[in-house]
Amino acid sequence: MSEMTSSSVDRRTLLRRAAAVGLVAAPGVSFLSACAGSDDSGDTKQATGTKSADNPLGIDTKAGVEIVIFDGGLGTKYATDVDTPLFNKKWPDAKITYSATQQVSTTIKPRLNAGSPPDMINNSGSDIMDFGAIVKAGQAADLSDLFAAPSLDITGKTVAETLVPGAVQQGTYDGKPYAVNYSFTVFGLWYNKKLFDKNKWTIPTTWADFTALLDKIKAAGITPFGYAGANASYYMVRAIMTSAAKIGTEQVLKDIDNLKPGAWTNDAVMQAAKAWGEIGNKYIDKSFLGLKHTEVQLQQDQDKVAFYPCGSWLENEQAASTPASFEYAMMAFPSVTTADKLPATAINAAAGEIYFAAAKGKNPQGGKEYLRTMLSKEAALEFTKLTKSLTVVAGAADGVVISPGLTSANDALSKAGQDVFMGYLFDTWYKKLDDASREAANQLMFKGGDAKKFCDTMEAVSQAVAKDSSITKFTRS
Amino acid sequence: MRHGKYPFIIGFLVVPLALYLVFVVGAYLQMFQLSFTDWSGFGGYHYIGFDNFGKLWDDPVFWIALRHNVYILIAMPIVTIAIALFFAFLLNVGGKSKGGVTQGVWGSKVYRIIFFFPQLLALAIVAVIFGRVFGSDRSGMLNGLFPDSWSPWLFLADERWALVCIAVVLIWQQIGFYVVLFSAGMGSISQDIYEAAALDGATKVTLFFRITLPLLWDTLQVAWVYLGIAAFDLFALVNIMSVNKGGPNNATQVLSYQIYLNAFQNSQAGYASAIGVVLFFLTLTFAALTLRVTRRDAVA
């Protein structure tokens with residue numbers, strides 16, 4: 001062994017050589033190609049069966065279905081305890097292979113690229129996959145036959161006819177539906193009803209009343225308004241966009257989604273940004289820029305923050321930290337001007353939470369049949385009971401008292417009547433625009449409330465996206 | 001034994017080498033290939049020549065990220081090495097000499113272990129902990145220490161200081177390793193030399209600059225390259241600590257995070273690969289330059 005030890009590699013040389021090797025393991029680069037290697041092996045044999053009235057999607061009744069559920073705010077119980085048993089009640093020979101993940105992209109993307117994806121995928125969470133890109137790559141199955149199929153338990157109607165308006169449209173890319181957006185989220189300003197009752201604060205419908213109330217709240221030593229700048233500034237983007245739509249109708253948002261020149265410098269957007277910028281200047285706690293959503297939401301539960309812009313998942317998300325003295329309630333965003341084209345009761349409610357069948361899986365029809373099961377009235381009601389979220393199945397949870405926050409959101413919905421609008425899609429279509437809007441909202445709310453800067457920045461990014469040929473474009477009407 | 005040497009060495013190397021070829025070299029080759037494509041990250045792709053690099057040139061965020069990497073590249077190694085050298089010197093030569101033998105300050109054996117602690121924590125955990133230390137409201141550790149009459153410091157939410165906060169964390173985490181590295185280097189410097197110098201009346205400062213530093217040069221060089229590579233990374237810290245994805249207002253944007261955002265969020269894996277290629281050449285150039293510029297005649 002003496003030859004070994006006398007070898008010319010001493011400690012320093014070794015370290016230096018190790019450094020040279022380290023070069024080639026330069027930072028953060030090699031992980032990129034870890035998921036490349038896209039062999040489009042289209043020769044996977046897909047299971048099919050014969051179509052019949054009882055089996056409208058023509059599934060192979062003996063073929064297994066693999067599903068992946070995102071394990072997040074909604075939990076997974078609705079899949080394991082409701083949907084799967086319901087599916088197996090009808091199709092006892094089709095074995096459901098279930099798994100849950102919090103890292104959707106990390107787990108699913110390599111399988112999509114390898115040509116062996118699960119049949120039904122719940123694309124959600126912070127590790128969400130860019131669904132537009134999935135559609136573009138032909139990885140999502142066309143759901144036209146699912147939506148045209150009869151509903152599982154609402155007789156005489158197709159699946160599409162049982163859903164709330166806009167639900168199918170929201171998962172439609174270039175004319176074809178590719179996703180079921182299952183949960184139905186109502187957006188508004190959330191507050192503690194008990195705190196407001198105690199202080200005899202009434203719910204404002206005009207901007208003047210709104211700011212007057214914010215002044216009162218401030219005088220009471222409570223931060224009147226807040227959102228988390230560190231990771232949840234898109235809640236604020238939603239607030240600004242909703243106000244813009246109320247001023248100038250949903251067309252304002254459609255133009256924005258369609259990347260129409262001048263869509264962001266539109267008067268309605270400018271007025272909305274100006275109004276919110278003033279709220280930022282006067283009523284927000286500047287340190288919220290550095291906080292995460294859970295931190296600000298906790299402060300609200302402690303009655304340190306009065307109003308918080310959010311969707312109807314909030315109550316369920318905060319269930320563990322909500323004290324008995326706190327009762328969630330939601331109000332529509334107040335009218336910004338007296339000339340707003342939509343009434344004060346108008347509300348933004350949108351389908352969300354993507355579920356899709358993989359086009360290149362072993363059993364895409366089975367995946368669709370699973371979706372049809374989820375869209376049955378029975379499954380939808382159980383989902384709402386378990387998760388305290390409404391679903392896109394219209395009226396599935398009517399008359400069922402679930403929680404005060406959800407009841408309040410449901411009330412706001414019925415007050416809005418016809419004035420419920422879907423909102424915008426640019427945040428899922430164009431991630432760059434989404435990122436820019438988050439930053440612009442933070443700048444507006446925490447750094448001086450410059451509405452013109454907000455509009456100009458967004459207009460510039462929007463036009464840059466429009467000109468970038470490498471970004472797949474979508475349109476809506 | 002002599003002619004059995006190579007099979008013996010190869011026997012040890014074959015597995016790591018195979019892993020290295022597949023997961024590092026292979027991945028790099030693929031990255032170079034992808035940088036010339038419009039691959040979104042899903043499905044197929046087309047070759048588009050140098051388009052990605054042209055786009056990179058016009059992308060203001062890329063330049064911001066690059067600038068931040070350069071700032072860190074300049075500041076972080078200097079500060080880390082200076083502090084680590086200082087501590088290593090105190091631990092090894094800084095104390096009173098006893099019986100003619102120089103030694104570290106009192107308790108140096110304990111300090112040596114404590115200094116190494118940060119190195120034991122996963123970077124992700126360090127980032128989460130310091131996220132709380134730098135919390136921007138009263139619940140943040142530093143803000144909690146300040147008197148109530150002060151309005152809270154924003155730290156990571158302040159464009160001017162966000163990058164500094166992240167650099168501080170990186171330096172804090174790295175120092176321990178370099179203290180140990182330099183200590184080992186100093187340990188191998190012969191006591192006779194210190195003794196002789198001390199007899200000639202050299203002060204601690206003279207000892208440091210005339211004896212320790214020159215004899216430690218090779219180790220320093222290695223440290224510089226290591227730290228430089230770390231300065232090009234920063235992904236974990238930025239991903240976990242930064243406000244609003246490398247913000248506020250791109251104040252903490254770095255190249256590695258741009259790769260991540262473009263590849264996995266914006267579905268522009270081809271473009272992200274192009275940034276990867278740039279980062280690869282930057283790292284290579286930096287290391288080659290460092291090794292060349294700092295080259296000296298071997299002392300040992």
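Can you name the number of the only condition in (1) closer than 25 Å to A:Glu439 by Cβ; (2) more than 7 Å from chain A (Cβ to nearest Cβ) that B:Val243 fails?
Exception for B:Val243: condition (2).
Of these, A:Ile59, A:Ile67, which one is away from every other protein chain (no Cβ under 14 Å) and touching an Asp or Glu at 6+ places or on another chain (Cβ under 6 Å)?
Only one candidate passes the filter, namely A:Ile59.
Exactly one condition in (1) without any contact (Cβ under 8 Å) to a residue 24 or more places away in the chain; (2) surrounded by 16 or more Cβ atoms within 10 Å (Cβ to Cβ); (3) in a helix (DSSP H, G or I) is false for B:Ala202; which is it?
The number of the failed condition is (3).
Just for the stretch B:24-47: of the residues that are over 11 Å from B:Ala269 (Cβ atoms) and among the aliphatic types (A, V, I, L, M), which one is surrounded by the most Cβ atoms within 10 Å (Cβ to Cβ)?
B:Ala27
Suppose we keep only residues that are within 17 Å of A:Asn348 (Cβ to Cβ) and in a loop (DSSP other than H, G, I, E, B) within the stretch A:205-243. Which one would you say is nearest to the other protein chains (Cβ to nearest Cβ)?
A:Ala232
List the number of the failed condition for A:Ile247; all other conditions in (1) out of contact with any Cys (no Cβ under 6 Å at 6 or more places or on another chain); (2) under 25 Å from A:Lys473 (Cα atoms); (3) touching a residue at least 40 places away in the same chain (Cβ under 8 Å) hold.
Only one criterion in (1) out of contact with any Cys (no Cβ under 6 Å at 6 or more places or on another chain); (2) under 25 Å from A:Lys473 (Cα atoms); (3) touching a residue at least 40 places away in the same chain (Cβ under 8 Å) is unmet by A:Ile247, namely (2).
Would you please name the residue that is farthest from the other protein chains (Cβ to nearest Cβ), looking only at residues in the stretch A:299-323 that are closer than 23 Å to A:Thr202 by Cα and assigned to a helix (DSSP H, G or I)?
A:Glu315
Specify the residue that is farthest from A:Lys292 (Cα to Cα); the eligible residues are those in the stretch A:192-239 that are in contact with a helix residue (DSSP H, G or I) (Cβ under 8 Å, 6 or more places away or on another chain) and among the hydroxyl-bearing types (Ser, Thr, Tyr).
A:Thr202
Is it true that A:Lys260 is of a type in the set (D, E, K, R) and in a loop (DSSP other than H, G, I, E, B)?
yes
Those residues that are surrounded by fewer than 17 Cβ atoms within 10 Å (Cβ to Cβ) and β-branched (Val, Ile, Thr), I need them from the stretch A:183-218; list them, please.
A:Thr202, A:Ile203, A:Thr205, A:Thr206
Looking at the stretch B:39-53 only, could you name the residues that are over 15 Å from B:Ile275 (Cβ atoms), of a type in the set (Phe, Trp, Tyr) and more than 8 Å from chain A (Cβ to nearest Cβ)?
B:Tyr47
Checking the structure you have, find out if any residue of the stretch A:153-163 is surrounded by 17 or more Cβ atoms within 10 Å (Cβ to Cβ), within 14 Å of chain B (Cβ to nearest Cβ) and touching a residue at least 60 places away in the same chain (Cβ under 8 Å).
no
Taking the stated definitions as given, is A:Met330 part of a strand (DSSP E or B) and under 30 Å from A:Thr384 (Cβ atoms)?
yes
Assuming B:Leu207 fulfils every condition listed in (1) of a type outside the set (S, T, N, Q); (2) in a helix (DSSP H, G or I); (3) surrounded by fewer than 17 Cβ atoms within 10 Å (Cβ to Cβ) apart from one, which condition is it?
Unmet for B:Leu207, out of (1) of a type outside the set (S, T, N, Q); (2) in a helix (DSSP H, G or I); (3) surrounded by fewer than 17 Cβ atoms within 10 Å (Cβ to Cβ): (3).
Scan B:Asp233, B:Asp192 and give me the residue that is among the acidic types (Asp, Glu) and facing chain A (nearest Cβ under 8 Å).
Matching residue, one of B:Asp233, B:Asp192: B:Asp233.
Look at B:Leu91 and say whether it is more than 8 Å from chain A (Cβ to nearest Cβ), surrounded by 19 or more Cβ atoms within 10 Å (Cβ to Cβ), modelled with pLDDT under 90 and farther than 17 Å from B:Ile259 by Cα.
So B:Leu91 passes the test.
Going through B:Ile175, B:Ile193 one at a time, which residue ends up being of a type in the set (Val, Ile, Thr) and surrounded by 21 or more Cβ atoms within 10 Å (Cβ to Cβ)?
B:Ile175
Please give the helices (runs of 4 or more DSSP H) falling wholly within the stretch A:39-151 in which 3 or more residues are out of contact with any Leu (no Cβ under 8 Å at 6 or more places or on another chain) and more than 30 Å from B:Ala269 (Cβ to Cβ).
A:84-90
Grab the helices (runs of 4 or more DSSP H) fully contained in the stretch A:359-477, keeping just those with 2 or more residues being within 11 Å of chain B (Cβ to nearest Cβ) and surrounded by fewer than 24 Cβ atoms within 10 Å (Cβ to Cβ).
Once the helices (runs of 4 or more DSSP H) in the stretch A:359-477 are filtered for at least 2 residues that are within 11 Å of chain B (Cβ to nearest Cβ) and surrounded by fewer than 24 Cβ atoms within 10 Å (Cβ to Cβ), what remains is A:431-446, A:451-467.
Please work out if B:Phe50 is modelled with pLDDT of 85 or more and surrounded by 14 or more Cβ atoms within 10 Å (Cβ to Cβ).
Here the answer is no, as B:Phe50 does not meet what is asked.
Assess whether A:Ser312 counts as being touching a residue at least 24 places away in the same chain (Cβ under 8 Å), over 21 Å from the mean Cα position of the chain (by Cα), buried (at least 21 other Cβ atoms within 10 Å of the Cβ) and not assigned by TED's automatic domain parsing to the domain that holds A:Val135.
Answer is no for this residue.
Of all residues in the stretch A:152-174, how many are more than 20 Å from A:Gly423 (Cβ to Cβ) and assigned to a loop (DSSP other than H, G, I, E, B)?
7
B:Asn250 fails exactly one of the following numbered conditions: (1) in contact (Cβ under 8 Å) with a residue 60 or more places away in the chain; (2) farther than 26 Å from A:Lys109 by Cα; (3) assigned to a helix (DSSP H, G or I); (4) within 9 Å of chain A (Cβ to nearest Cβ). What is the number of that condition?
For B:Asn250, the exception is condition (3).
Any residue at all in the stretch B:259-275 that is out of contact with any Leu (no Cβ under 6 Å at 6 or more places or on another chain) and more than 10 Å from chain A (Cβ to nearest Cβ)?
Scanning the stretch B:259-275, I find no residue that is out of contact with any Leu (no Cβ under 6 Å at 6 or more places or on another chain) and more than 10 Å from chain A (Cβ to nearest Cβ), so the answer is no.
Take the residues in the stretch A:263-298 that are among the hydroxyl-bearing types (Ser, Thr, Tyr) and in a helix (DSSP H, G or I); name whichever of them is nearest to B:Ser139 (Cα to Cα).
It comes out as A:Ser287.
Mind checking which residues of the stretch A:292-325 are under 23 Å from A:Ala212 (Cα atoms) and of a type in the set (A, V, I, L, M, F, W, C)?
Matches in the stretch A:292-325: A:Val296, A:Val305, A:Ala306, A:Phe307, A:Cys310.
Do you know which of the residues in the stretch A:111-131 that are at pLDDT below 90 and within 11 Å of chain B (Cβ to nearest Cβ) is surrounded by the fewest Cβ atoms within 10 Å (Cβ to Cβ)?
A:Ser126
Of everything in the stretch A:333-358, what is surrounded by fewer than 21 Cβ atoms within 10 Å (Cβ to Cβ) and under 21 Å from A:Phe147 (Cβ atoms)? Give them in sequence order.
Correct list: A:Gly352 only.
The values are calculated or read from the model by the stated rules, or taken from the named source; none is laboratory data. As the structure is a prediction and not an experimental result, all values here were calculated from the model. Note: ideal-geometry Cβ built from the backbone for every residue, glycine included; neighbour counts use all protein chains shown.
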